[in-house]
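A.B. asks: Dropping a structure here in structure tokens format, bear with me for questions.
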Amino acid sequence: EFSPEEAQFNDLIAEDSRIEPRDWMPDAYRKTLIRQISQHAHSEIIGMQPESNWISRAPSLKRKAILIAKVQDEAGHGLYLYSAAQTLGISREEMTDQLLEGKAKYSSIFNYTTPTWADMGSIGWLVDGAAIANQVPLCRASYGPYGRAMVRICKEESFHQRQGFEILLELMQGTEEQRRMAQESVNRWYWPALMMFGPPDDESPNSTQSMAWKIKRFSNDELRQRFVGMLVPQAEVLGVTLPDPNLKWNEEKQAYDMSEIDWDEFHEVIAGRGPANAERMRRRREAHENGAWVREAAAAYARKQAA
Ligand code: FAQ
């Protein structure tokens with residue numbers, strides 16, 4: 001027998017309605033949302049680093065202005081998401097501590113380095129592309145504040161994806177050396193981008209419950225397939241090769257056959273041993289310490305206003 005609150009929660013989920021902050025919800029629902037939304041927020045904030053690496057070296061004023069705007073958008077996404085998580089009863093300080101103490105995860109993808117300008121193209125095309133494929137269904141997540149934050153975030157990610165595609169298109173229409181640089185970058189980002197969707201379905205401990213609660217609408221593998229299906233025609237337009245010799249449409253399965261993802265690499269990166277994990281965390285801590293005076297000043301101002 002369900003309590004009246006729990007019965008109401010179940011009804012709201014069943015009728016595809018939304019759960020709002022003041023509604024009763026099971027502790028485990030609250031906990032998994034805090035986990036997913038805060039990790040998502042941390043990803044947006046740490047995700048500023050790989051691209052900020054190129055702001056001072058963008059090849060033109062126009063590219064620099066676009067890149068600054070994009071990196072700023074990611075900061076904004078982090079802030080909406082922290083706010084959405086706060087409606088579940090966790091404070092911004094707690095979430096920040098969890099990240100800085102290495103207890104909270106953030107997306108594996110941001111632990112890869114950006115040695116060339118073409119990486120700005122690959123991040124936009126592949127990383128923002130994967131983010132959109134994963135996040136468009138999250139616009140319908142059962143928790144209201146998360147779904148609503150996603151709507152705006154997805155609009156901005158679409159612009160980001162186009163600008164990345166356009167960087168690669170320009171390089172692919174350039175010199176031999178530029179084309180080589182674009183292809184080399186796509187080779188490095190393709191597999192890590194596919195890992196963004198998470199472990200395979202049979203090794204995804206959270207999926208079944210999150211799908212039953214309509215937080216996730218599709219499984220990790222379903223979204224990964226959908227993403228690859230999006231990339232194939234776009235790669236043709238660009239003239240780049242996706243670095244998987246086994247990538248082939250399978251008419252019978254109505255899905256792409258592909259090589260096995262290197263899950264050891266995925267687990268290594270999540271465990272903190274990827275190419276740039278240490279550097280990302282070092283810079284995040286440094287930025288947090290450098291921002292201490294801002295937090296102190298804001299708190300002092302708030303106290304003064306209240307008095
Ligand atoms: N990296 O049971 P599942 C962006 C963890 S886009 C690290 O399948 P779930 C935009 C997972 O947390 C990137 N950890 O988990 C941008 C769980 O660990 P836990 C951020 C991963 O939650 C673009 C464990 O493995 N997007 O920032 C990863 O049902 C350009 C087992 O996995 C989001 O966060 C991974 N790739 O499904 C910014 C989207 N995959 O928590 C700047 C929202 C899995 O139990 C520049 N999140 N794990 O300790 C989601 O959709 C889901 O959380 C998934 C994982 C699909 C990521």
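A.B. asks: Once you charge only the Cβ atoms, +1 for Lys and Arg and -1 for Asp and Glu, what is the size of the charge dipole of the stretch 132-205 about its Cα centre, to the nearest 20 debye? Walk me through the numbers on the way to the answer.
C.D. replies: Values: 8 positive and 10 negative charges, 80 e Å.
Here the size comes out at about 380 debye.
A.B. asks: To the nearest 10 Å², what's Val136's accessible area with a 1.4 Å probe?
C.D. replies: Accessible area of Val136: about 80 Å².
A.B. asks: How many percent of the accessible area of the chain is carbon or sulfur, using a 1.4 Å probe?
C.D. replies: Carbon and sulfur together cover 53 percent of it.
A.B. asks: Provide the gained length on full extension for the span His288 to Val151, in nm with one decimal, where the gain is 0.36 nm per separating residue minus the Cα-Cα distance. Intermediate values should be presented prior to the final figure.
C.D. replies: Values: separation 137, 0.36 × 137 = 49.32 nm, distance 2.83 nm.
In short, 46.5 nm is gained.
A.B. asks: For the chain, what is the calculated [θ] at 222 nm in deg cm²/dmol (nearest 500), taking -39500 (n - 2.57) for each run of four or more DSSP H residues and dividing by its residue count?
C.D. replies: Calculated at 222 nm, the ellipticity per residue is -20000 deg cm²/dmol.
A.B. asks: Give, in nm to one decimal, the length gained when the segment between Glu101 and Ala271 is fully stretched (0.36 nm per residue of separation minus the Cα-Cα distance).
C.D. replies: On the way: separation 170, 0.36 × 170 = 61.20 nm, distance 1.36 nm.
The Glu101-Ala271 span can extend by a further 59.8 nm.
A.B. asks: Further question on the same structure: Leaving out ligands, DNA and RNA but keeping every protein chain, what accessible area does Lys248 have, in Å² rounded to the nearest 10, with a 1.4 Å probe?
C.D. replies: Spelled out: Lys248, probe radius 1.4 Å, area about 140 Å².
A.B. asks: Under a Cβ-Cβ cut-off of 13 Å, what is the net charge of the residues other than Gln39 that fall near it, where Lys and Arg count +1 and Asp and Glu count -1?
C.D. replies: Neighbour charge sum, excluding Gln39 itself: +3.
A.B. asks: Provide the gained length on full extension for the span Arg30 to Glu6, in nm with one decimal, where the gain is 0.36 nm per separating residue minus the Cα-Cα distance.
C.D. replies: My answer for the length gained is 7.3 nm.
A.B. asks: Would you calculate the convex hull of the Cα atoms in the stretch 232-307 and tell me its volume per residue in Å³?
C.D. replies: It comes to 237 Å³ per residue, whole-number rounded.
A.B. asks: Further question: Using a Gaussian network model of the chain whose springs link C-alpha atoms within less than 10 Å, name the residue from Lys70, Lys253, Lys105 with the highest mean-square fluctuation.
C.D. replies: Lys253
A.B. asks: Right, next: Just want the answer: with Cβ charges of +1 for Lys and Arg and -1 for Asp and Glu, which residue in Gly164, Leu138, Val269 is farthest toward the dipole's positive end in the chain?
C.D. replies: Gly164
A.B. asks: For the stretch 55-162, what size does the Cα cloud have along each of its three principal axes, sorted from largest down, in whole Å?
C.D. replies: Here the spans come out as 44, 32, 22 Å, largest first.
A.B. asks: What number in nm² do you get for the stretch 93-248 if you take the convex hull of its Cα atoms and divide its surface by four?
C.D. replies: Projected area, direction-averaged: 10.5 nm².
A.B. asks: Still on this structure: I'd like the Kirkwood hydrodynamic radius of the stretch 10-68, using the inverse of the mean 1/r over distinct C-alpha pairs, in Å.
C.D. replies: 14.9
A.B. asks: Considering only C-alpha atoms, what is the centroid distance from the stretch 41-115 to the stretch 234-286, in Å?
C.D. replies: 20
A.B. asks: What ranking, highest mean first, results for peptides 164-175, 271-282, 181-192 when packing means the other Cβ atoms within 10 Å averaged over each residue?
C.D. replies: Order by mean packing, descending: 181-192, 164-175, 271-282.
A.B. asks: With +1 on each Lys and Arg Cβ and -1 on each Asp and Glu Cβ, and nothing else charged, work out how big the dipole of the stretch 70-190 is about its Cα centre, in Debye to the nearest 20.
C.D. replies: Using only the charged Cβ atoms, the result is roughly 420 debye.
A.B. asks: Ratio to report: Rg/Rh of the stretch 201-268, with Cα atoms as the point set and Rh obtained by the Kirkwood method; give two decimals.
C.D. replies: Ratio of gyration radius to Kirkwood radius for the stretch 201-268: 1.03.
A.B. asks: Here's a follow-up. From the backbone phi of the stretch 87-103, what are the Karplus-calculated ³J(HN,Hα) couplings (6.51 cos²θ - 1.76 cosθ + 1.60, θ = phi - 60°) in whole Hz, Gly and Pro given as x?
C.D. replies: Karplus-based 3J(HN,Hα) across the stretch 87-103 equals 5, 8, x, 10, 8, 4, 4, 4, 5, 4, 4, 4, 5, 5, 7, x, 8 Hz.
A.B. asks: Identify, among Thr208, Ser38, Ser17, the residue whose Cα sits farthest towards the positive end of the charge dipole of the chain, taking +1 on the Cβ of Lys and Arg and -1 on the Cβ of Asp and Glu, with the dipole about the Cα centre.
C.D. replies: Projecting each Cα onto the dipole axis, the largest value belongs to Ser38.
A.B. asks: A follow-up question, please. If you take the Cα Rg of the chain and divide it by 2.2 N^0.38 Å, with N the number of residues, what do you get?
C.D. replies: On the way: Rg = 20.5 Å, N = 307, 2.2 N^0.38 = 19.4 Å.
In units of the 2.2 N^0.38 Å rule of thumb, it is 1.06.
A.B. asks: Now for a different question. When you take every Cα atom in the stretch 1-111, what is the radius of gyration, and what is Dmax, the widest Cα pair distance, in Å?
C.D. replies: Every Cα atom of the stretch 1-111 included, Rg and Dmax give 18.3, 65 Å.
A.B. asks: Also, quick follow-up: Quick one: dipole size for the chain, taken about the Cα centre, charges +1 on Lys/Arg Cβ and -1 on Asp/Glu Cβ, in debye to the nearest 20.
C.D. replies: Dipole size: approximately 1320 debye.
A.B. asks: To continue, here is another question. Pairwise over distinct Cα atoms, reciprocal of the mean inverse distance: report the Kirkwood radius of the stretch 176-307 in Å, one decimal place.
C.D. replies: Taking the inverse mean of 1/r over all distinct Cα pairs, the stretch 176-307 comes out at 18.7 Å.
A.B. asks: Mind scanning Lys216/Lys248; Lys70/Lys216; Lys105/Lys214; Lys70/Lys103; Lys62/Lys103 and naming the pairs with a C-alpha gap bigger than 30 Å?
C.D. replies: Beyond 30 Å: Lys62/Lys103.
A.B. asks: Follow-up. What's the local net charge at Asn246, with K and R +1, D and E -1, over the other residues with C-beta under 13 Å away?
C.D. replies: Numbers: positive: Lys248; negative: Asp244, Asp257, Glu260.
Net of charged neighbours comes to -2.
The values are calculated or read from the model by the stated rules, or taken from the named source; none is laboratory data. These numbers were taken from a predicted model, which means no experiment stands behind them. As a convention, Cβ positions derive from the backbone with ideal geometry for all residues, glycine included, and neighbour counts pool all protein chains shown. Keep in mind that these areas ignore ligands, DNA and RNA; they rest on the heavy atoms of the full protein, side chains included. Shrake-Rupley method; radii C 1.70, N 1.55, O 1.52, S 1.80 Å.
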